1. Can you pull out every residue in region 168-206 that is farther than 21 Å from Y105 by Cβ, open to solvent by 60 Å² or more (accessible area, probe 1.4 Å) and not hydroxyl-bearing (S, T, Y)?
2. Counting only residues that are touching a helix residue (DSSP H, G or I) at 6+ places or on another chain (Cβ under 6 Å) and in a strand (DSSP E or B), which one in region 287-304 is surrounded by the most Cβ atoms within 10 Å (Cβ to Cβ)?
3. Scan region 66-77 residue by residue and report those that are modelled with pLDDT under 85 and surrounded by 17 or more Cβ atoms within 10 Å (Cβ to Cβ).
4. With the structure loaded, tell me whether R284 is in a loop (DSSP other than H, G, I, E, B) and of a type in the set (K, R) or whether it fails that test.
5. Looking at (1) more than 25 Å from A538 (Cβ to Cβ); (2) modelled with pLDDT under 75; (3) loosely packed, with under 15 Cβ neighbours inside 10 Å, can you tell me which one K434 breaks?
6. Within region 312-331, is even one residue within 21 Å of P412 (Cβ to Cβ), more than 27 Å from the chain's Cα centre (by Cα) and touching a residue at least 12 places away in the same chain (Cβ under 8 Å)?
7. Would you mind stating whether A239 is more than 21 Å from L59 (Cα to Cα), outside any loop (DSSP other than H, G, I, E, B), in contact with a strand residue (DSSP E or B) (Cβ under 8 Å, 6 or more places away or on another chain) and among the aliphatic types (A, V, I, L, M)?
8. Name every residue in region 20-60 that is touching a Leu at 6+ places or on another chain (Cβ under 7 Å), touching a residue at least 60 places away in the same chain (Cβ under 8 Å) and among the polar types (S, T, N, Q), in order of residue number.
Amino acid sequence: MGNWAANEGLSTFVILVWLGINAFLFVHFYLAFLTDRFYYTRVILGHALSWARAPAACLNFNCMLVLLPVCRNLLSFLRGSVQRCSRTAARQLDRNITFHKLVAYMIAFHTAIHILAHLFNFERFMGAQLDTNATLQFVLSQIGNGDGRGYLNPIRSKDTNPTYVMFTTIAGLTGVVITLALILMITSSMEVIRRSYFEVFWYTHHLFVVFFIGLALHGVGRIVRGQTAESLKEHDPKACDGFYETWGQNGTSCPVPNFAGNPPMTWKWVVGPMFLYVCERFVRFCRAQQKVVITKVVMHPSKTLELQMKMKGFRMEVGQYVFLKCPSISQLEWHPFTLTSAPEEDHFSVHVRIVGDWTQALYEACGGDKHDIQEAWKLPKMGVDGPFGTASEDVFRYEVVMLVGAGIGVTPFASILKSVWYKQVEENSNVFTKKIYFYWLCPETQAFEWFADLLQSLEGQMLEKGMTDFLSYNIYLTRWKETEAAHFRVHHEAEKDAITGLKQKTKFGKPNWDIEFNAIGAKHPGAKVGVFLCGPTALGKALEKQCNTHSKSDADFIFNKENF
């Protein structure tokens, strides 16, 4: 329970508060439209009025929140401020994308309720206008026809239909545009589309501009109307609804009621976050104008491209990431990449795995498809936004650390291990971390090659300084061919590993995390162990479960995951 509280306690509290505010707003605004002011509106619409307005209030609240988790510069500033006080609070900021998705799902949920309720409302408004029996609904629908009074029924003519009204009123037209934009943004954000067709996700997600403009204009038409305060003083709807046939006649105490629409409120909810996001984009634009020099391009095996760059004033910490843009490929697309260099180096670098159209175009622009050495002046211009903080920044705040990388997910740990190497070379005694356990899971042997040099340097450095216990590394090959297996068996007794060239032999299959966590907990009782992962969701869930439920020792395992 203690580990669960340390890992999930604050996140759960934040989610419960968020859900509580949503529930409060829903109930509050549902009841707000059951008051006397909307008595006659409910005569036509029934409770569908409240069912439309309550989710609208929740939509305002969630649309206020949805932009904040993607304000990267704001989050980096907050993270730097908060982590000085609380590691737990700083970790919540690393889950910004998860919260962004939750808010988006809540927006979709309330949008669906809002649309369904208004479909009923438009049908009932149309039915009241077409009623030929002189009912109360019909009489209410005729108010405002040439008598100078405010109308109640927004459908002002019998010669129309709900579909026509939907596409000719501000509320209807903006509602259609908002809904289409939301559907496109959410569907293109699905994992399979985002991974395989990133450009589709990137461009459709920028429909948020259309979404927010439509949202701000949606209430301008004041389609939801209620009795005015002055009219309520002289016309009590509960006392007068039975005498609607004599409203306004001499001798009656019930004058014809007057109606007015609610003033638009959505803009008040979203103007603040929209302003912050505009400032965010302005900062990104200014950063993109800074000159970036590519100092070195390295083509690694397994189609991995390393770019070493320099930019004036660039300062980084271990585990941070940047967004890169290549104007010759696209003027709009920015892609996130973890920094693989150490803060001690005089440049910053990224490793790019060639898996899509954009990365393939970058590979070719840097001469990856050519046998000749690319001249410096022919290298593409790059834009850099960042660096931005991640969970890995906190790695040296733990006495014991577990680093788990899968495939190219090892990149943030390259920065950490390089920094460790520099600290040992400089004999920096201020390093709080006393032990690092490094796990790398890889599906193919070629992927080991670009990272093996660093591990060999670290291995030699630790051996030379008598610090072989400082870093324990475990490399796992998760898939292999029969021919490779035969080669590995032949060279199993060799001094160095046949795959990596390290003294530590490569293991085959996947780690038994129960055994690993038990062993580390037994060696470090009472310690706080920072578990850092950059890898797939399934592995993340497995490690998070281990951190939350592990109770066979006094060690507390604190889970941290990279999120982009």
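1. I170, L173
2. Result: T304.
3. Within region 66-77, R72, N73, L74, L75, S76 qualify.
4. Numbers: in a loop (DSSP other than H, G, I, E, B): no; of a type in the set (K, R): yes.
In short, no.
5. (2)
6. no
7. No; evaluated as a whole, the condition is false for this residue.
8. T41
The values are calculated or read from the model by the stated rules, or taken from the named source; none is laboratory data. Here the structure is a predicted model, which means the values were calculated and not measured. Every residue, glycine as well, gets a Cβ built from its backbone with ideal geometry; the counts of neighbours run over all protein chains shown. Surface areas here come from the heavy atoms of the whole protein model, side chains and all, with no ligands, DNA or RNA. Shrake-Rupley method; radii C 1.70, N 1.55, O 1.52, S 1.80 Å.
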